[in-house]
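First up is the structure itself, then whatever we jot down about it.
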Amino acid sequence: MTARKLTVSLDPDVVDRAKLEVAEGRAESLSAWMNAAAQARLDSEEVAAVLADLFDATGGPVTGVDLATALERLAAVAPR
C-alpha cells in the first residue's frame, strides 16, 4: 500500500503530545502516530458496530458469550 500525503490541522496540544510520543520512541514518526490514531478510531467504530449488532440480536446487554462471538467476528476481518 502506498501512503498518500495530505495536510491536516491539529490542536497544539495534540501536536505536542504526538511529538512527545515520537521523541520518547513510542511512535516512529508523526505520520506513523497519526496513522495509528486514525486506525484506532476506525477499529473502535467497527467494534461499536459489532456490539450494536449483538445487542440488537440478543435484545439485551452483551454477555460473555456475546463478547466471545464479537471477538471471533473481529478476528475474522482481514488484517490491514
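Taking label points 7 Å from Cα along the Cα-to-Cβ direction, residue 32 and residue 5 give a separation of 1.9 nm.
Averaged over its residues, the chain has an accessible area of 82 Å² per residue, based on protein heavy atoms and a 1.4 Å probe. Ligands, DNA and RNA excluded, the heavy atoms of residue 63 present near 70 Å² of accessible surface to a 1.4 Å solvent probe.
The heavy atoms of residue 14 present about 50 square angstrom of accessible area, all protein chains included, probe 1.4 Å. Note on the chain: with a GNM built from Cα contacts shorter than 10 Å, the maximum mean-square fluctuation among 53, 11, 66 falls on 11.
Exposure check, 1.4 Å probe, all protein chains in place: residue 26 carries approximately 140 Å² of accessible surface.
Per residue of the chain, the DSSP helices (runs of n ≥ 4 H) give a summed -39500 (n - 2.57) that works out to -23000 deg cm²/dmol at 222 nm.
With all protein chains in place and a 1.4 Å probe, the accessible surface of the chain carries 59 percent carbon and sulfur. Once each of the GluC sites (Glu not before Pro) sitting in a DSSP loop with at most 12 other beta-carbon atoms within 10 Å is removed, the chain keeps 29-80 as its longest stretch. Placing +1 on the Cβ of every Lys and Arg and -1 on the Cβ of every Asp and Glu, with nothing else charged, gives the chain a dipole about its Cα centre of roughly 380 debye. The mean sequence distance of close C-alpha pairs (under 8 Å, at least 6 residues apart), as a share of the length of the chain, puts its relative contact order at 16 percent. When Rg/Rh (Cα atoms, Kirkwood Rh) is calculated for this entry, the matching label among (i) 0.99; (ii) 1.27; (iii) 1.13 is (iii).
Nearest 0.05, what FRET efficiency do residue 15 and residue 74 give at R0 = 30 Å with Cβ-Cβ as r? It comes out at approximately 0.45.
The values are calculated or read from the model by the stated rules, or taken from the named source; none is laboratory data. Remember, predicted model here, so these are calculated numbers, not experimental data. Neighbour counts are summed over all protein chains in view; Cβ atoms, including those assigned to glycine, are modelled from backbone coordinates with ideal geometry. For accessibility, only protein heavy atoms count, side chains too; no ligands or nucleic acids. Shrake-Rupley method; radii C 1.70, N 1.55, O 1.52, S 1.80 Å.
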